[in-house]
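The values are calculated or read from the model by the stated rules, or taken from the named source; none is laboratory data. Being a predicted model, the structure only gives us computed values, none of them experimental. Here Cβ is always computed from backbone atoms with ideal geometry, including for glycine, and neighbour counts include all displayed protein chains. Ligands, DNA and RNA are stripped out before the accessible areas are found, and what is left, the full protein with its side chains, is counted by its heavy atoms. Shrake-Rupley method; radii C 1.70, N 1.55, O 1.52, S 1.80 Å.
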Amino acid sequence: MISPSLPYRQQGIVLIVSLLILVMMTIIGITALSTTTLEERMALNTQHDNLVFQGTESQIQSVINASTPGMPGYSVTTDPMLTAMAAGANSTVSAGSSTTHIPGGNATATLDTNATITYLNVIKGAHCKSGGGLNQFVCYQFQIDAAATINTSGAKQEHLQGVQRIGPAG
């Protein structure tokens, strides 16, 4: 009588081992896929954080440009600093806002920015670094508050910028 050899006695162990390997490979694949998705979300959030940062800085620069004689589009009637001064000390006035559509996969994403300007006070004498005589010029101090948000991700930032404008005393 011939005894059966070893390969004939396995009775499906190769099938079980290969199924276990297949299950492990599936788990590794799912984990890699979820990690990639998380990394994409992190990259999008970083991009949105950068966009709101640039939006606030751009809004501040727009307010400064709109308040600088000689800049394109300057008008005494629309100068935000003069408007804030006319409202009185510690009065806050709107200095502009904008909405920009963000290109990409989500057509509804927008970057909303706005700015306000507050006239703080006037500095006279030696504390006003005007370069002229002590009583020749005064310094008007303002605070620009700019904020930006992206509606889809909730990314938001707010920046404060102090600004000083030198003017004649009197």
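Here's a check for you: in the stretch 59-93, which residue that is buried (at least 17 other Cβ atoms within 10 Å of the Cβ) and of a type in the set (Ser, Thr, Tyr) is farthest from ALA109 (Cα to Cα)? Among those that are buried (at least 17 other Cβ atoms within 10 Å of the Cβ) and of a type in the set (Ser, Thr, Tyr), it is THR83. The residue pairs whose first member lies in the stretch 73-85 and is touching a residue at least 60 places away in the same chain (Cβ under 8 Å), whose second member is outside any helix (DSSP H, G or I) and surrounded by 10 or more Cβ atoms within 10 Å (Cβ to Cβ), and whose beta carbons are closer than 8 Å, counting only pairs six or more residues apart or on different chains, are MET81/SER67; MET81/ILE117; MET81/TYR119; MET81/TYR140; MET81/PHE142; MET81/VAL163; MET81/ARG165.
Pairing residues of the stretch 61-72 that are in a loop (DSSP other than H, G, I, E, B) with residues that are aromatic (Phe, Trp, Tyr), at Cβ distances under 7 Å and at least 6 apart in sequence or on separate chains, gives THR68/TYR74. Go through the stretch 4-56 and give me each residue that's touching a Ser or Thr at 6+ places or on another chain (Cβ under 8 Å) and at pLDDT 90 or above. If the condition is that a residue be touching a Ser or Thr at 6+ places or on another chain (Cβ under 8 Å) and at pLDDT 90 or above, then VAL52, GLY55, THR56 are the ones that fit. Among residues of the stretch 141-157 that are without any contact (Cβ under 8 Å) to a residue 40 or more places away in the chain and among the β-branched types (Val, Ile, Thr), none has a beta-carbon under 9 Å from a residue that is open to solvent by less than 50 Å² (accessible area, probe 1.4 Å) and in a strand (DSSP E or B) at least six positions away or on a different chain.
Inspect the stretch 159-170 for any residue being open to solvent by less than 50 Å² (accessible area, probe 1.4 Å), modelled with pLDDT of 90 or more and of a type outside the set (Val, Ile, Thr) and give the result as yes or no. Checked against the condition, which is being open to solvent by less than 50 Å² (accessible area, probe 1.4 Å), modelled with pLDDT of 90 or more and of a type outside the set (Val, Ile, Thr), the stretch 159-170 yields at least one hit. Just to be sure, is GLN59 more than 17 Å from GLN157 (Cα to Cα) and at pLDDT 90 or above? Against the criterion (more than 17 Å from GLN157 (Cα to Cα) and at pLDDT 90 or above), GLN59 does not qualify.
Please specify each residue of the stretch 116-151 satisfying the condition of being modelled with pLDDT of 85 or more and part of a loop (DSSP other than H, G, I, E, B).
Of everything in the stretch 116-151, just one residue is modelled with pLDDT of 85 or more and part of a loop (DSSP other than H, G, I, E, B), namely ASN151.
All conditions in (1) open to solvent by 70 Å² or more (accessible area, probe 1.4 Å); (2) within 18 Å of ASP49 (Cα to Cα); (3) modelled with pLDDT of 85 or more hold for THR108, with the sole exception of (3).
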